[in-house]
Amino acid sequence: MDSAQRRKSGINLPSGMSETSLRLDAFSGSSFRAISNLTSPSKSSAVSDRFIPCRSSSRLHAFGLIENGSPVKEGGNEAYSRLLKAELFGSDFVSLSPAGQGSPMSPSKNMLRFKTESSGPNSPYSPSILWQDSGFSSEASTPPKPPRKVPKTPHKVLDAPSLQDDFYLNLVDWSSQNVLAVGLGTCVYLWSASNSKVTKLCDLGPNDGICAIQWTREGSYISIGTSLGKVQIWDGTQCKRVRTMGGHQTRTGVLAWNSRVLSSGSRDRVILQHDLRVPSDFVGKLVGHKSEVCGLKWSHDDRELASGGNDNQLLVWNQHSQQPVLKLTEHTAAVKAIAWSPHQNGLLASGGGTADRCIRFWNTSSGHQSSSVDTGSQVCNLAWSKNVNELVSTHGYSQNQIMVWKYPSMAKVATLTGHSLRVLYLAMSPDGQTIVTGAGDETLRFWNVFPSARTPAPVKDTGLWSLGRTHIR
């Protein structure tokens, strides 16, 4: 074949080879139809330069090669489909297939479009888990986690004789050094959670009594409120009294530390601010309640102090104010239970007594109540978990239960029972996983209710301490 013939045919052949020696037949529309009907090259008498596999053994349907296109995608993808065919097969091939019609070689407009098989059991590796006809499936999300299991029984019980059944007292606190302090009658006892050693800290004698105890945040010193209205400061490691401060006219039933200042609330309706760095008994006096002050908590940033009273009021003070910046009066019973959220600044939870039974949540920045839930019984204590966004409440009349709540949905995580009288006292371990509850039934019960901060796996039913009952004195 000479050069003129090669240019005419459009095929570059070596010299000495003619086009007829290749036995090339020109393709026509009928040729395409003949090829598309082939089932195997072994059964075909027609000559072709391609191998057409057996379609019966191919999974062409998995890629949408032999099914009709989706009507939703048809109009929008027509131009793209023609362009793709032109790139793959050439412009001459596209001209044989008018727009809107399937070509003999591509009977489906869904060519090269992945599609899941509708039959067969699902596999963890099946494409149907990740892909559906029109994109990612909304049902492909991870399955919901099973609810966290909280052990229903305490893993440790301590006998606490003479633990008073008085709603307005605060007689249990757990230090950051893992030492539990309990006020029993006229004495304070320290129980080490690491070795179960019990130490008698002090005895106030027959003329006085323990009404409140509160560890400092670093856990080395403990403050004690007495029946005579005194506030004593003790060194918990040396079991030595450091200071005694006056100022209240009657019993001091609640105490609260911030980083530098100790606040004390009394039946005389006054809150006193004590600073151990100055010689005077108190450096400030907050007057706002009309009845006994029974709840007192500083916010985690030390900017706000919340106080609850037997006058059904919840007051919020800032660090420099002599008057409350907020007066919240929605409760219809005494407000002893108060807790600041460690997860959100300005979020305050409070619980009301027997006539109220509600836990209410407040935004102290706006002064508005954000939500509330009726617990069905007297709310004695509230504590927020530092590990997860949950809180625990203890209750009195009429069910004497302990409840764990998920915030903000307030879905019940667990309801724990065991105390025979109202659960008046609550404290939390330094790691945030265990709570101890005390009641007028003269027992202290330890419960694993919250997961670890690092590993949010369900807490186990076996604790650090053995099961059974021991004595705290």
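The values are calculated or read from the model by the stated rules, or taken from the named source; none is laboratory data. Please read these numbers as outputs of a predicted model, since none were measured by experiment. Using ideal geometry, Cβ is built from the backbone for each residue, glycine included, and neighbour counts are taken over all protein chains shown. Accessible surface is based on the protein model in full, side chains and every heavy atom, while ligands, DNA and RNA are left aside. Shrake-Rupley method; radii C 1.70, N 1.55, O 1.52, S 1.80 Å.
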Within the range 243-302, can you find the residues that are among the small types (G, A, S) and either over 16 Å from Q313 (Cα atoms) or within 33 Å of the chain's Cα centre (by Cα) (or both)? G246, G247, G253, A256, S259, S263, S264, S280, G284, G295, S299
Selected residue (only one of S220, S299, S291 is under 18 Å from N381 (Cβ atoms), among the small types (G, A, S) and open to solvent by less than 40 Å² (accessible area, probe 1.4 Å)): S299
Residues that are in contact (Cβ under 8 Å) with a residue 12 or more places away in the chain and more than 24 Å from the chain's Cα centre (by Cα): does the range 386-393 have at least one? no
Of the conditions (1) assigned to a loop (DSSP other than H, G, I, E, B); (2) modelled with pLDDT under 95; (3) touching a strand residue (DSSP E or B) at 6+ places or on another chain (Cβ under 8 Å), T470 satisfies every one except a single condition; which number is it? (1)
Specify the residue that is surrounded by the fewest Cβ atoms within 10 Å (Cβ to Cβ); the eligible residues are those in the range 361-375 that are out of contact with any His (no Cβ under 7 Å at 6 or more places or on another chain) and over 13 Å from V316 (Cβ atoms). D374
Can you tell me which condition Y397 does not meet? The list is (1) modelled with pLDDT of 95 or more; (2) more than 26 Å from N448 (Cβ to Cβ); (3) hydroxyl-bearing (S, T, Y), and all the others hold. (1)
Test L228 against the stated conditions and say whether it is closer than 19 Å to N170 by Cβ, open to solvent by 60 Å² or more (accessible area, probe 1.4 Å) and over 33 Å from the mean Cα position of the chain (by Cα). yes
For the range 210-229, indicate whether the set of residues that are farther than 30 Å from H343 by Cβ and basic (K, R) is non-empty. no
Within the set of pairs 6+ apart or on separate chains, which have a first residue in the range 273-289 that is β-branched (V, I, T), a second that is not in a loop (DSSP other than H, G, I, E, B), and C-beta atoms under 9 Å apart? V283/V261; V283/L272; V283/Q273; V283/H274; V283/D275; V287/V270; V287/I271
Condition met for K406 (within 20 Å of Q214 (Cα to Cα), open to solvent by 10 Å² or more (accessible area, probe 1.4 Å) and basic (K, R)): no
Restricting to strands (runs of 3 or more DSSP E) lying wholly in the range 258-320: which have 1 or more residues that are of a type in the set (S, T, Y) and either under 23 Å from F167 (Cβ atoms) or touching a helix residue (DSSP H, G or I) at 6+ places or on another chain (Cβ under 6 Å) (or both)? 261-266, 304-309
Open to solvent by 40 Å² or more (accessible area, probe 1.4 Å), in contact with a Gly (Cβ under 7 Å, 6 or more places away or on another chain) and not basic (K, R), is that true of D165? yes
Residue under question is W317, and the condition is that it be at pLDDT 95 or above, more than 20 Å from S266 (Cβ to Cβ), open to solvent by less than 20 Å² (accessible area, probe 1.4 Å) and aromatic (F, W, Y); does it hold? no
Please enumerate the residues belonging to the range 193-217 that are open to solvent by 20 Å² or more (accessible area, probe 1.4 Å), under 41 Å from the mean Cα position of the chain (by Cα) and over 14 Å from S264 (Cβ atoms). S194, N195, S196, K197, V198, T199, K200, R217
Of everything in the range 308-345, what is of a type in the set (A, V, I, L, M) and either touching a Ser or Thr at 6+ places or on another chain (Cβ under 7 Å) or on the phi > 0 side of the Ramachandran plot (or both)? Give them in sequence order. L314, L315, V316, L326, A333, V335, A337, I338
